[in-house]
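Trainee: My structure is below; once you've seen it, I'll send some questions.
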Amino acid sequence: MSSRPAVYEFNAAIVRKPARSVVDGLRADDHGNPSYQGVVAEHAAYVAALRAAGIDVTVLPALEDFPDSIFVEDPALVFSEGAILLRPGAESRLKETAEIAPTLRKIFETVLDLPFPGFADGGDVLTTPKSVMIGLSARTDRAGAEGLIASLEKLGRKGEIVQTPKGVLHFKSDCSLLDGETMLSTDRLARSGVFGRYRRVIVPEGEEAAANALRVNDVVMVGADFPRTIELLDGLGYQVVPLKTTEIGKIDAGLSCMSLRWHRG
Ligand code: CIR
């Protein structure tokens, strides 16, 4: 029996304030720039929701040189046992790791570097009770995923390589954990069979981006633009906290991307 807290039990998180340059954030398809004030408002509501869920949130300063640096989930992974510094697969994001490293070294006794070669983004990593799933994607390659498995082993965690659906930014763009046994997923990802061992809740057609929800302690944060998913989860008995993600959605982001979360012992 493991004495670990449930994988959605967190009491600490790191976020980073959006830079004005966030309007230039990376995106696969251009639906117009997000508005800076809009991103600031969405981020502030997100931080407030994390705090209301019982999390001690550390807010790092904005980094103008890195438009996507608000998405702290991608350059590192954190667990109660320690942190792993990753190598994001997008060139413009590579140096975000060095920016967050000093904070992680202050907080965690063990901070590992992803071994060379390869790339891995935190957005491709889903921690489940059974394993740490690593989705291969345009950002995370096999060498990076294999290096990450070696790092995870050093922290006493088992990694497992899976496939992110083609054309989807990150593995977690298409799924999230609702509880220890249940995945929220898009149909396209669930159909790949990757969640065979889990109960699956499929987001309604047209609300694929809602799959990047965030279970934190007693609540599930869900994008407010996805009413059918909210109704579905509400009906299943989850305590849903709707949060606006309209602006960050324009740069392919959702709710997990904006924090690094862990359980401080
Ligand atoms: C990017 O393309 O890297 C950012 N515009 C969005 C990152 C979203 N992060 C995440 O899903 N973990």
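Trainee: Out of the residues in segment 45-91 that are within 21 Å of residue 26 (Cα to Cα) and loosely packed, with under 15 Cβ neighbours inside 10 Å, which is nearest to the ligand (Cβ to nearest atom)?
Mentor: Applying the filter and picking the extreme gives 91.
Trainee: Shifting gears a bit: Kindly establish whether residue 101 is free of Cβ contacts under 8 Å to residues at least 40 places away in the same chain and either within 16 Å of the ligand (Cβ to nearest atom) or open to solvent by 30 Å² or more (accessible area, probe 1.4 Å) (or both).
Mentor: no
Trainee: Right, next: Looking at this structure, is residue 150 open to solvent by 10 Å² or more (accessible area, probe 1.4 Å), away from the ligand (no atom under 16 Å from the Cβ) and either in a loop (DSSP other than H, G, I, E, B) or not β-branched (Val, Ile, Thr) (or both)? Talk me through it step by step, then tell me what you get.
Mentor: Numbers: open to solvent by 10 Å² or more (accessible area, probe 1.4 Å): yes; away from the ligand (no atom under 16 Å from the Cβ): yes; either in a loop (DSSP other than H, G, I, E, B) or not β-branched (Val, Ile, Thr) (or both): yes.
Taking the combined requirement at face value, the residue satisfies it.
Here's the yes/no breakdown for (1) at positive phi; (2) at pLDDT 95 or above; (3) not aliphatic (A, V, I, L, M):
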site	(1), (2), (3)
187	no, yes, yes
190	no, yes, no
194	no, yes, no
197	no, no, yes
205	no, yes, yes
209	no, yes, no
217	yes, yes, yes
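Trainee: Considering segment 54-102 alone, what residues qualify as being among the basic types (Lys, Arg) and touching a strand residue (DSSP E or B) at 6+ places or on another chain (Cβ under 8 Å)? Before you say what the answer is, go through the steps one by one.
Mentor: Residues of segment 54-102 among the basic types (Lys, Arg): 87, 93, 95.
Within segment 54-102, just 87 meets the criteria.
Trainee: Scan segment 118-134 and tell me whether some residue there is in a loop (DSSP other than H, G, I, E, B), within 13 Å of the ligand (Cβ to nearest atom), in contact (Cβ under 8 Å) with a residue 24 or more places away in the chain and not β-branched (Val, Ile, Thr). Before you say what the answer is, go through the steps one by one.
Mentor: Going through segment 118-134, the residues in a loop (DSSP other than H, G, I, E, B) turn out to be 118-119, 121, 128-131.
Filter once more, so that each one left must be within 13 Å of the ligand (Cβ to nearest atom): 119, 121.
Still in the list and also in contact (Cβ under 8 Å) with a residue 24 or more places away in the chain: 119, 121.
Filter once more, keeping what is not β-branched (Val, Ile, Thr): 119, 121.
So far as segment 118-134 goes, yes, one or more of its residues are in a loop (DSSP other than H, G, I, E, B), within 13 Å of the ligand (Cβ to nearest atom), in contact (Cβ under 8 Å) with a residue 24 or more places away in the chain and not β-branched (Val, Ile, Thr).
Trainee: Right, residue 137: open to solvent by 20 Å² or more (accessible area, probe 1.4 Å), more than 16 Å from the ligand (Cβ to nearest atom) and out of contact with any Gly (no Cβ under 6 Å at 6 or more places or on another chain) or not? Quick ask: steps written out before the conclusion?
Mentor: On the way: open to solvent by 20 Å² or more (accessible area, probe 1.4 Å): yes; more than 16 Å from the ligand (Cβ to nearest atom): no; out of contact with any Gly (no Cβ under 6 Å at 6 or more places or on another chain): yes.
In short, no.
The values are calculated or read from the model by the stated rules, or taken from the named source; none is laboratory data. Bear in mind the structure is a predicted one, so any value in this text is a computation, not a measurement. No Cβ is skipped: glycine too gets one built from the backbone with ideal geometry, and neighbour counts run over all protein chains shown. Heavy atoms of the whole protein, side chains included, go into the accessibility calculation; ligands, DNA and RNA do not. Shrake-Rupley method; radii C 1.70, N 1.55, O 1.52, S 1.80 Å.
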